[in-house]
Structure formats: C-alpha cells, structure tokens
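K.L.:
Just dropping this structure here.
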Amino acid sequence: MKARWKITTGLAAGGVLCAFLLWRPAGSARMAVEETRRALRKQGFKTDLAEFNFSTSEDLRARAASLTTLGHTVSPPRPTENLNLMTPVGSNAAIVVWKQDKLQSDSGEDLWGTLRESLGERRALYEPRPDLDAACEAALSGPIRFNLVASQGSGLLLPHLAALKRLAQTLGARAVLDLHDGNKDGAWTNLLATSRLITAWNPEPVEISHLVRFACATIAFNASWQFLQAGGWADSRLVELQREWESVDFFKGLPETAAFARASAVATCQLERQQPINRAAVTLNDAIHSPQSLWYGLTDYWRQLRYRRYGSYEDEKALLLHYRDRELELGRAIQSPAWSEMRRLPGVTNAVYFQSKYPSRLQTILNLKQLNLAWVMYLEGPGQRPGLIGRAADAETRRRIIIAAIALERYRNRHGSYPQTLQQLAPVLVKNPPIDFMDGQPLRYRLMDEGRFVLYSVGSDCVDNGGEMPQRRQRGSPYEGERGFGAARGTDLVWPRPAPAVEVEMFHREELKVQAETANRLKDFQAEAQWRDSARRQAGVEKLLAAKPKVLAAEPTFHGRQLSEVLRNDNPAGASKLTLDELLTLKQVATGEEPETVTFEAPINYNVLTNLGSLQLYVDPVEDEDSDEGCAAGQFECQRATNGTCRLVWNTIYESPGKHALQLGLELNEAARDDELIAGPVTPFVVSNLCQVSLSSGYFNPELGATLRAKLPEPNGTYTVEITPPAGERLKTITGSTSNGVIKVHWDLTDDHGRKCTNNAFDTLFRIMLPDSGRSQAL
C-alpha cells in the first residue's frame, strides 16, 4: 500500500527555509509605519477610517433613501437613456429637440410617443406619475447627502450613484417632453429638480462620486440649454435657477478623496495581515515524483509570509506617503484660478498610480479601482477633460456658462434684446463679468444675425477655435458609438445658438444619407451571410436525414409530469396517447398558399404551450452549433388551430431552394433549462421557390425606403416587382435583370406618380424568370 503522508509547507523544511530567509526582525517595518502615521497626523493628515463621518440627520437620511429607491425604480427606458439633448448642427448651432415634430430613431420610429408612454405622460391630460413626482419633491426639499459607513473603506457600497444619474437623465428628458407638449410649468419643475441633483448634493470623498456628479452636471447643462430656448420665463424663476448654480463649488472636497483613499488603503493593508495564509499540501508521492511541486508550495508560502511580515508594512508606509502627495497635489491644484495654470501642476493631467513591488491582493484591489474609474471616464465620451481635476474644471466651466446664459436671458427680458458685450450684465445681473475658467479670460460671446448668440469657453486645450463644437459621430453606423477615449481637440465648450429649421432639415438629410449608406452595407453583409450559412447547412441534408434518430434515455418532465402528458391535446375516449416524438412530428396540411407559405399541424395543446414555452422550426440543424442560433427558421409563426392544437405557418421564401431537413423544437420558459434541447424527429422537405429572399427584405424604414434582396439558383434572371397597399391599386412597378444571381431592388416609397407613400405595410408581387432553364415563378 502506498504511503499518503502529507508534507506541508508549515513543517520542518518550510520552517527552516522561512527562518533562514526571514532573518530580519519584523518590528522595524511596523515601527516605520507607525512613525510615518504619527508624522502625518501631526501635519493634519487623516490616516484612519474612524476619522471620517458620513452619518447624516434623519431628514437627510430619509431624503437620500427616497432618491436612491426612486432612482433605481425609475430606470430610464432606452429613448430616455439615449436622448441626445445637445446635437450639434454645423460648427456652433444645436437642434432644439422639443421643437421637432418628429423625434426619429435609427429605425425611423417616432420616439415622442414611446418617450411619453415610458414617462407616463399624456399629451392633452397631464396625469401625475407618482414616482417621478416624488423624485422631484425629494430633490427640491433640501440638501442631499447619503448616509454611508466609512469603516467599509475600499468596500464602501455606493448604490445611489447609478440612481442619481438615472434620475438626472429621466427628469431632464421629462422636462424636454413637457416643453414639446406645451407644459412649461412641468418643464420648470423637472429642470429645477435635475439641477438640484447636482447643486444640493454634497458627495462623499470618493473619486467616482465626484465623477458621477460631474456627469450629471453635463446632463443638466444640456437640459438647461433646451429649457432656455423656450423663452418667456419669469424673472423669479431665472433668478432661482441662477442662484442654484452660483452656490456650487465643484472643487470642494476633492483633496478629501485622497485622504479617504489613504485611510482605505491602510485599512486594506491591515486586513491583509489578518487573512489566513494558504498552505499548499503536497503528498509524499508528489514530492518524490515532482520535487518542483514541493518547491513551488514552499516558495509560495514563503512569499505570503514575507509579504505579511514585511511587504504589507512597506506597502502601508508607501501608500501613506503616496496619498499624502496626492492630497497635496489636489490641494495645490484647486487653488489655481484657471485650468491653464492648473494643468501645469504635477498630478493634474499625469496622475501617478500606486505600484507595489510585491504581488498581492491589495495591488489587485487598487488596479480594479483604477480600471473602474477609467471605465466611468470612458463612458462620458470624447471632449471630456483628463482625470478628476480635469473633469472638475469641465464642470466648473459649464457652471459659469449656465450662469452667464441665464443672465443673458434675464437681460433680454428686460431690454428686448441681448447685450452687445458680457460686461453689460454686471453688476446688476451678475456680480462680475463672466470669466472662462479654462484660460482666465472673459467667456467668448458673439451676437448672431438672427438675434441669437453663441457663448463659449476655449476648452481644455486653451485655444480659441471660434466656438467650434465637437461634432458627434453619425448614427448611421451601428459599429461607431458616441463614446471614445481622449478629449476632442480643436473644439470649444459651447453654449450654441439654436439651429434654424433650414439647417435642421439639411442636417437630417445628410444624416439620413449616411444612415442609408451604412444600413445598406450592413444588410448586404447580413444577406450574404444568410445565403452562405444556408448553403453550408443544406450541404449536409442527406447525411442529416440518413442519421439514426437519437433516443432519449428518459422523457423530459415538467413540474414532475412527463412532457407528453402535459402537452397532449384532449384525446377522444379510447384514442391512443401520443408520445413526445409523435407530438413533435411535423405534419403538413394543404392551404392553397404553397409554395411560398407552408402550414404544418402539431397535436399539442396551444393553450398549454403558451404557458409552458414556445415551438421553433429548425431548418437543417447542424450538430456542431446551437440549433436555436443558426438554424431557426425566419418568418415562422405558431397559431391556434380550430381544434385547439398548434398550427405552424412558415414563410419559405427566406430559405434556399431545394431539399431540406426540418425539425420541430420545444423551448421551455424555465431559465434553468435554457440549454436543454427538446426536438422531434427530422422530416424531409423540398422548397420549390426559385429564389431565397434575405430576412431584412421583410422590413423597411419609412425614412430610408425598402430594399428587396434575393439569391437565385442561376446567374441570369429577369424580374418584375409590383407593389400595392394591403387594399388598393398598384403603387409601383419595378423591372430589371441580373447576371450574377443576386437581385437587389430599392424602392424609395414613391409611387409611379412621384407621390410619397406613408403606409406601414405593403404587399409585393415578385415575378422571376430564369432564361437559362426556362423556369418562372410569381411570389
């Protein structure tokens, strides 16, 4: 019998090795940390989490809890989350969103109805939505501060951050919707609440909290621009909004973030020393046959022990000094009167991150924190300033621009026009002429011919580009988003003029053109991929049909009952009970709509199925891929037959002509059974159409038109496409030919008389003629 003795790294060999290597006294490293901590405390630096107090009064606690709960409840729907309130048109103009009759999505859908429905608003009757109204009331009722447990340090949970940003997005979108619907009082309440999520919030000393606040400031900046384009606001409201923004200090508390990070890192070092050391157990047999495994176990144990006795103390001391320097850098930076001076200081644009010389969990935690912060900054997109201080400078500049813009509106309300210079605003409407925080010079201001103005900052590069706005990427490409690393060089931070209708129309035409070109390329690629995959799968049809049917070891069950028993339709007395395979066997029934539309029946109780799951039709399923991914039939529908069973309708024009293997599959609604494949026997079937139409041909964008793509079995062919509404006379006839086996027909939705068609659906008669083989078909 082989011996199974275990040699652990804590036995004699490991002890001798570690004692030899750890000859220095551990007390010296500990004493060095204590001396550093005492020296920092004498200089006024916090080093312990106990020195931080995030507790709040009862009313602040209730308000913060309400905002957090409502923020998570009011998760913004897609139209709200993606609503762009600052869409540039040209160099220094932007679209007034609420003035647009149609808020068009990428698919051509008008988002006003979707937005109104998602926000619970009605066009003629402004019914209150309790959760959003409660969020407004909470934001307007007083200061905002969250009750947090500082002792959690690096593990501090901040669930309110996502909630506040969601609220800012949702309330900003709600204000714009109110303006669109003519509800100015509602717009005022929602904008003021959005602003107070920034102005009334005293963030905790954590970098990501300040970054989220700066992001919310950008949301409020854009919503405020939309708000002020309405005009006619009472001076009392403008004064209140101006005072809100005058009360904000975005730099306050930034050095404290380094102090809290220092105390959190120290606490993490102390926690690291309390963690058990992993002892790798090595059997005697392993040690004999693989001495290397014994050596690895010993060295790993020694590394952990050495880090605990020395490395963790060295890291703790280095972290104390690292974050002391960071706190001093932040403190010096926020004393600068302008970004042009601030950016020259160390640690502002080139922050140095802590890097230990020891591999440890502490370093992993710090790395993950930096990655998280980098991701948050990335999501804010191009044009943003680098680092925490840079984002604060951006928010401060926006704050000053908002104040100046409000003062300009107040001036126009009093004098009937905007002033010639910003100096005319002081000292009545503002204490001093507005200064650009970026370069310390007056904000740039230019009156335009149409009685509007452009107000701007030179931006983070401190170069005056004449009020050039960062241009957003076109929506037409699904591969290019609005996000990107780095600042947008050669642009300014602009409070733009409202784009007149002619410029907006031109912008929309250009955008539609790019969108159409991109969509065309994408759908060409999708069609080619569809035809290629169909041919690949169809090549294995004979092998699939000849394969021996798979027999399940046991029939699947649902809630303790066999599936066949659950799915069976009520059988007449004395009728035999169908097995699961028989239930999932395709039986074609003639309807007269063949060959384009084929109908099958399955003896499965339709009402039971709808509560249980759904049926799928698989075409030429391949064993080495998921049947429900690449083999599910396009344009397949399960209907209720008159006898209560399932009627399966399949539009075959989206499948390649020729012989196929069909299989009926059952997908259950239970999440735990997502990967379970329940399918019936394979059935041969021949598609007799003369072409395969792309799946994208079944849909169209009202703004971009409709495109028919089809693959022929022969290179040469002629075609005629006749388009009619569901009920009515023919609208359009298109004819053409192909010599490469691919038909591509685009219709711009105008009829034969040049009139634009506005139907949501059209019927198409597609005639194909193949001269090489003499075949023809009308689909």
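The values are calculated or read from the model by the stated rules, or taken from the named source; none is laboratory data. Note that the structure is a prediction, hence the values are computed from the model and not measured. Positions of Cβ are backbone-derived with ideal geometry, glycine not excepted, and every protein chain shown enters the neighbour counts. Side chains are part of the model used for accessible areas, which takes the heavy atoms of the whole protein and leaves out ligands, DNA and RNA. Shrake-Rupley method; radii C 1.70, N 1.55, O 1.52, S 1.80 Å.
K.L.:
Can we say A535 is open to solvent by less than 100 Å² (accessible area, probe 1.4 Å), farther than 30 Å from V686 by Cα and aliphatic (A, V, I, L, M)?
P.N.:
Values: open to solvent by less than 100 Å² (accessible area, probe 1.4 Å): yes; farther than 30 Å from V686 by Cα: no; aliphatic (A, V, I, L, M): yes.
No; evaluated as a whole, the condition is false for this residue.
K.L.:
Right, another one. Scanning region 316-348 for residues that are in a loop (DSSP other than H, G, I, E, B) and open to solvent by less than 70 Å² (accessible area, probe 1.4 Å), which turns out nearest to A267 (Cα to Cα)?
P.N.:
As a first pass, look at region 316-348 and keep what is in a loop (DSSP other than H, G, I, E, B): 334-338, 343-348.
Okay, now just the ones that are also open to solvent by less than 70 Å² (accessible area, probe 1.4 Å), so 334, 336, 338, 345, 347-348.
Details: I334: 27, S336: 32, A338: 36, L345: 30, G347: 24, V348: 26 Å.
Looking at the filtered set, the residue picked out is G347.
K.L.:
Further question: Enumerate the pairs (first residue in region 322-341 and on the phi < 0 side of the Ramachandran plot; second residue anywhere and assigned to a helix (DSSP H, G or I) and open to solvent by 20 Å² or more (accessible area, probe 1.4 Å)) with beta-carbon separation below 6 Å, excluding pairs fewer than 6 apart on the same chain, so at least 6 apart or on different chains.
P.N.:
Filtered contacts from region 322-341: E327/P255; L330/P255; G331/P255.
K.L.:
Mind checking which residues of region 413-453 are part of a helix (DSSP H, G or I) and either surrounded by fewer than 18 Cβ atoms within 10 Å (Cβ to Cβ) or in contact with a strand residue (DSSP E or B) (Cβ under 9 Å, 6 or more places away or on another chain) (or both)? Spell out the reasoning first.
P.N.:
Looking only at region 413-453, we keep the residues that are part of a helix (DSSP H, G or I), and these are 413-415, 422-425.
Within region 413-453, N413, R414, H415, L422, Q423, Q424 qualify.
K.L.:
State the number of residues belonging to region 698-713 that are within 26 Å of S773 (Cα to Cα) and of a type outside the set (A, V, I, L, M). Working first, answer last.
P.N.:
At the first step, the residues of region 698-713 found to be within 26 Å of S773 (Cα to Cα) are 708-713.
Okay, now just the ones that are also of a type outside the set (A, V, I, L, M), so 709, 711, 713.
Matching residues across region 698-713 total 3.
K.L.:
Search region 247-267 for residues being in a helix (DSSP H, G or I) and open to solvent by 20 Å² or more (accessible area, probe 1.4 Å), and hand back the single one that is modelled with the lowest pLDDT. Please lay out each step first, then the result.
P.N.:
The initial filter retains those residues of region 247-267 that are in a helix (DSSP H, G or I), namely 254-267.
Now drop any that are not open to solvent by 20 Å² or more (accessible area, probe 1.4 Å), which leaves 255-256, 267.
Details: P255: 95, E256: 95, A267: 87.
Checked region 247-267; the qualifying residue modelled with the lowest pLDDT is A267.
K.L.:
Whether any residue in region 153-165 is part of a helix (DSSP H, G or I) and within 17 Å of N222 (Cβ to Cβ) is what I want to check. Break it down stepwise before answering.
P.N.:
As a first pass, look at region 153-165 and keep what is part of a helix (DSSP H, G or I): 153-155, 160-165.
Now narrow it down to the ones that are within 17 Å of N222 (Cβ to Cβ): 164-165.
So far as region 153-165 goes, yes, one or more of its residues are part of a helix (DSSP H, G or I) and within 17 Å of N222 (Cβ to Cβ).
K.L.:
Still on this model: Can V598 be described as part of a strand (DSSP E or B), under 44 Å from the mean Cα position of the chain (by Cα), within 30 Å of W747 (Cα to Cα) and of a type outside the set (D, E, K, R)? Full working, then the answer.
P.N.:
Working: part of a strand (DSSP E or B): yes; under 44 Å from the mean Cα position of the chain (by Cα): yes; within 30 Å of W747 (Cα to Cα): yes; of a type outside the set (D, E, K, R): yes.
It is true that V598 is part of a strand (DSSP E or B), under 44 Å from the mean Cα position of the chain (by Cα), within 30 Å of W747 (Cα to Cα) and of a type outside the set (D, E, K, R).
K.L.:
Among W98, W112, which is at pLDDT below 90, open to solvent by less than 60 Å² (accessible area, probe 1.4 Å) and aromatic (F, W, Y)? Break it down into steps so the answer makes sense when it comes.
P.N.:
On the way: W98 fails: at pLDDT below 90.
Of W98, W112, the one residue that is at pLDDT below 90, open to solvent by less than 60 Å² (accessible area, probe 1.4 Å) and aromatic (F, W, Y) is W112.
K.L.:
While we're here: Quick test for you: out of A134, A200, A168, pick the one residue that is open to solvent by less than 10 Å² (accessible area, probe 1.4 Å) and not charged (D, E, K, R).
P.N.:
The conditions single out A168.
K.L.:
While we're here: In this structure, does W233 turn out to be modelled with pLDDT of 95 or more and in contact with a strand residue (DSSP E or B) (Cβ under 7 Å, 6 or more places away or on another chain)? Reasoning before the result, please.
P.N.:
Working: modelled with pLDDT of 95 or more: yes; in contact with a strand residue (DSSP E or B) (Cβ under 7 Å, 6 or more places away or on another chain): no.
So W233 does not fit the description; no.
K.L.:
Against the conditions (1) more than 30 Å from T585 (Cα to Cα); (2) surrounded by 15 or more Cβ atoms within 10 Å (Cβ to Cβ), where does G754 fall short? Just the number, please.
P.N.:
Against the list (1) more than 30 Å from T585 (Cα to Cα); (2) surrounded by 15 or more Cβ atoms within 10 Å (Cβ to Cβ), G754 comes up short only on (2).
K.L.:
Then there's this: Can you find a residue that is over 30 Å from L362 (Cα atoms), in a strand (DSSP E or B) and of a type in the set (V, I, T) anywhere in region 195-202?
P.N.:
So the first thing to find is which residues in region 195-202 are over 30 Å from L362 (Cα atoms), and the list is 195-201.
Narrowing further to those that are in a strand (DSSP E or B): 201.
When the remaining residues are screened for being of a type in the set (V, I, T), the result is none.
Among the residues of region 195-202, not one is over 30 Å from L362 (Cα atoms), in a strand (DSSP E or B) and of a type in the set (V, I, T), which makes the answer no.
K.L.:
Another question, then. Return yes or no: is V649 touching a Ser or Thr at 6+ places or on another chain (Cβ under 6 Å), open to solvent by 10 Å² or more (accessible area, probe 1.4 Å), assigned to a strand (DSSP E or B) and modelled with pLDDT of 90 or more?
P.N.:
On the way: touching a Ser or Thr at 6+ places or on another chain (Cβ under 6 Å): yes; open to solvent by 10 Å² or more (accessible area, probe 1.4 Å): yes; assigned to a strand (DSSP E or B): yes; modelled with pLDDT of 90 or more: yes.
When the stated conditions are applied, V649 passes them.
K.L.:
May I ask you to list pairs of residues, at least six apart or on different chains, whose Cβ atoms are under 8 Å apart, with the first in region 747-776 being in contact (Cβ under 8 Å) with a residue 40 or more places away in the chain and the second being among the basic types (K, R) and open to solvent by less than 80 Å² (accessible area, probe 1.4 Å)?
P.N.:
W747/K732
Results for (1) outside any helix (DSSP H, G or I); (2) open to solvent by less than 50 Å² (accessible area, probe 1.4 Å); (3) touching a Phe, Trp or Tyr at 6+ places or on another chain (Cβ under 6 Å); (4) at pLDDT below 85, shown as yes or no for each residue.
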| residue | (1), (2), (3), (4) |
| --- | --- |
| Y358 | yes, yes, yes, yes |
| T364 | no, no, no, yes |
| L368 | no, no, no, yes |
| N372 | no, no, no, yes |
| W375 | no, no, no, yes |
| R385 | yes, yes, no, yes |
| A392 | no, yes, yes, no |
| T397 | no, yes, yes, no |
| A404 | no, yes, no, no |
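K.L.:
Test E244 against the stated conditions and say whether it is in a helix (DSSP H, G or I), modelled with pLDDT of 95 or more and surrounded by fewer than 22 Cβ atoms within 10 Å (Cβ to Cβ).
P.N.:
Considered against the rule, which asks whether it is in a helix (DSSP H, G or I), modelled with pLDDT of 95 or more and surrounded by fewer than 22 Cβ atoms within 10 Å (Cβ to Cβ), E244 comes out as yes.
K.L.:
Just to be sure, is N569 touching a Pro at 6+ places or on another chain (Cβ under 6 Å) and surrounded by 14 or more Cβ atoms within 10 Å (Cβ to Cβ)? Break it down stepwise before answering.
P.N.:
On the way: touching a Pro at 6+ places or on another chain (Cβ under 6 Å): yes; surrounded by 14 or more Cβ atoms within 10 Å (Cβ to Cβ): yes.
It is true that N569 is touching a Pro at 6+ places or on another chain (Cβ under 6 Å) and surrounded by 14 or more Cβ atoms within 10 Å (Cβ to Cβ).
K.L.:
Then there is this: For region 137-146, enumerate the residues that are surrounded by fewer than 17 Cβ atoms within 10 Å (Cβ to Cβ) and not acidic (D, E).
P.N.:
L140, S141, G142, P143, listed by residue number.
K.L.:
Do we have any residue at all in region 52-67 that's closer than 30 Å to E329 by Cβ and at pLDDT 80 or above? Before the answer, list the steps.
P.N.:
So the first thing to find is which residues in region 52-67 are closer than 30 Å to E329 by Cβ, and the list is 52-56.
From what's left, at pLDDT 80 or above: 52-53.
Yes.
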